[in-house]
Amino acid sequence: MSSEGIALERYQVAVADWAAACGVPPPEVRIDEYEVDCATYDPVDMSIAMPAFFRDDNTVVTAVLMHEFAHYLDDPLTRIAEHGPSFLRHLCDLAELEYGDARLYPWHQEYDHILEWAIEHELVNTEEPPEE
Ligand SMILES: [Zn+2]
């Protein structure tokens, strides 16, 4: 199997697990062979497109997939912004589900406004480690 095929299968397994935990049908996931690093969610056919290549490690790849899945959970009728409160609540819930603690989500690789929200909600440790 090609590495793209292996990656796609891994995404589908992760998304199926999250969908089962959230009580929703899993969205379609596909590989966008022209993209690097950038994933997208298509609200029309409710599918997630993952890039064919990532420069980052697996933690970031899972977080990128989780971000797109949070868009899938975000109800287009009630949301007030693309990364609004309901989206962020879904993302937090998914991070709790995946890592057992939303603070373990790699917030630093998110958009600035999402990182700021995470800092405001004390999900990011901004304190300097104490000196011994
Ligand atoms: Zn987004």
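No value in this document is a laboratory result; all are computed from the given coordinates. If you're wondering where the values come from, they're calculated on a predicted model, not measured in any experiment. Using ideal geometry, Cβ is built from the backbone for each residue, glycine included, and neighbour counts are taken over all protein chains shown.
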Pairing a residue in region 58-82 that is free of Cβ contacts under 8 Å to residues at least 40 places away in the same chain and farther than 19 Å from Ala21 by Cβ with any residue that is assigned to a helix (DSSP H, G or I) and away from the ligand (no atom under 11 Å from the Cβ), where Cβ atoms lie under 7 Å and the two sit 6 or more apart in sequence or on different chains, gives Thr78/Ser86; Arg79/Ser86
Per the filter on region 107-131, residues within 15 Å of the ligand (Cβ to nearest atom), buried (at least 17 other Cβ atoms within 10 Å of the Cβ) and either more than 15 Å from the chain's Cα centre (by Cα) or in contact (Cβ under 8 Å) with a residue 40 or more places away in the chain (or both) are Glu110, Trp117
Sole miss for Glu98 among (1) away from the ligand (no atom under 12 Å from the Cβ); (2) more than 28 Å from Ile6 (Cβ to Cβ) is condition (2)
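State which residue is surrounded by the fewest Cβ atoms within 10 Å (Cβ to Cβ) when the search covers only region 63-83 and only residues that are more than 11 Å from the ligand (Cβ to nearest atom) and over 20 Å from Glu116 (Cβ atoms).
If we take residues in region 63-83 being more than 11 Å from the ligand (Cβ to nearest atom) and over 20 Å from Glu116 (Cβ atoms), then Leu77 is surrounded by the fewest Cβ atoms within 10 Å (Cβ to Cβ).
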**Request:** Might you check whether a residue that is within 13 Å of the ligand (Cβ to nearest atom) and either of a type in the set (A, V, I, L, M, F, W, C) or within 25 Å of Glu127 (Cβ to Cβ) (or both) occurs anywhere in region 7-27?
**Result:** no
Per the filter on region 84-102, residues part of a helix (DSSP H, G or I) and surrounded by fewer than 16 Cβ atoms within 10 Å (Cβ to Cβ) are Pro85, Arg89, Glu96, Leu97
